[in-house]
Amino acid sequence: MRIIRRIKEEIQVIKERDPALHSNMEVLLYPSFKVMLHYRLAHKLYLRKHYFWARWVSQRAVRKTGIEIHPGATIGKGLFIDHGSGVIIGETAIVGDNVTLYQGVTLGGTGKETGKRHPTIEDNVMISAGAKIIGSFTVGENSKIGAGSVVLKEVPPNSTVVGVPGHVVKQNNVSIPRCDLNQVDLPDPVQVEITELRKNNDSLCKRIVELEAEIKRLEKEK
């Protein structure tokens, strides 16, 4: 009964968050569905210290889906991996409830740490395509990580992070709904800085013109 309940939960997650789904039968073809069933089994084996068999199950999932989840990772309810190819979740990663990952996401370690080496992703976080979260720190709940970002340090709750390295560009006390999967309308810190530089440059040019005019006026008065 527990297995059937788990399968129903995984099906419901995909139905809620993938607008491309046309029928319930399609869910059975989804890499996210397949890999999570494999992960749940592999994780149980890992906790019982059957490390070889745990890795055997997880590696079969990698070959079938292109998604690599180490059996030692701790994953809550409602994880949805959209498309999924190239997603990597490391051994000591902790993923909360209702998290959404897109293709190419890495929850990795720096290679220099021991013990807890991978990030902790709290509830309701969305990590867009190609983003890399590297190191043992926490990404706070209700946060968004923009596509292609490289996050190397703590992210407060309710934040939006973009860039390489990642910068918090938006933060407030309003929770981001877990079904808000917009990866496009995120702030661009580079564009913001360029706009600010242009504004400052225009101001300086205007001041120079004014000074030149003032100098010419003073010369005429002499």
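The values are calculated or read from the model by the stated rules, or taken from the named source; none is laboratory data. Source: prediction; values computed, not measured. Using ideal geometry, Cβ is built from the backbone for each residue, glycine included, and neighbour counts are taken over all protein chains shown.
Only one entry of Ser58, Ser32 meets the criterion of being assigned to a helix (DSSP H, G or I), modelled with pLDDT under 90 and buried (at least 20 other Cβ atoms within 10 Å of the Cβ), and that entry is Ser32.
Would you point out which residue out of Asp97, Asp82 is among the charged types (D, E, K, R) and in contact with a Gly (Cβ under 7 Å, 6 or more places away or on another chain)?
Every option except Asp97 fails the conditions.
Taken as a whole, the condition of being modelled with pLDDT under 90 and not charged (D, E, K, R) applies to Phe80.
Residue count for region 128-155, restricted to those that are surrounded by fewer than 24 Cβ atoms within 10 Å (Cβ to Cβ) and hydrophobic (A, V, I, L, M, F, W, C): 6. When region 120-130 is filtered for residues that are closer than 20 Å to Thr74 by Cβ, in a loop (DSSP other than H, G, I, E, B) and either under 9 Å from the mean Cα position of the chain (by Cα) or touching a residue at least 40 places away in the same chain (Cβ under 8 Å) (or both), the ones remaining, listed by number, are Asp123, Asn124, Val125.
What's the total number of residues in region 36-55 that are without any contact (Cβ under 8 Å) to a residue 12 or more places away in the chain and either among the charged types (D, E, K, R) or surrounded by 20 or more Cβ atoms within 10 Å (Cβ to Cβ) (or both)? Counting residues in region 36-55 that are without any contact (Cβ under 8 Å) to a residue 12 or more places away in the chain and either among the charged types (D, E, K, R) or surrounded by 20 or more Cβ atoms within 10 Å (Cβ to Cβ) (or both) gives 3. Figure legend. Inter-residue proximity from region 137-151: first residues of a type in the set (Asp, Glu), second residues assigned to a loop (DSSP other than H, G, I, E, B), beta-carbon distance below 6 Å, spacing 6+ or different chains. Indicated pairs: Glu141/Glu122; Glu141/Asp123; Glu141/Asn124; Glu141/Pro157. Looking at Gly86, Gly72, just one residue is of a type outside the set (Val, Ile, Thr), assigned to a loop (DSSP other than H, G, I, E, B) and more than 19 Å from Thr138 (Cβ to Cβ), and that residue is Gly86.
Within region 68-109, the set of residues being on the phi > 0 side of the Ramachandran plot and within 12 Å of the chain's Cα centre (by Cα) comprises Gly104 only. Inside region 19-61, residues that are within 20 Å of the chain's Cα centre (by Cα) and farther than 18 Å from Arg6 by Cα make up a count of 1.
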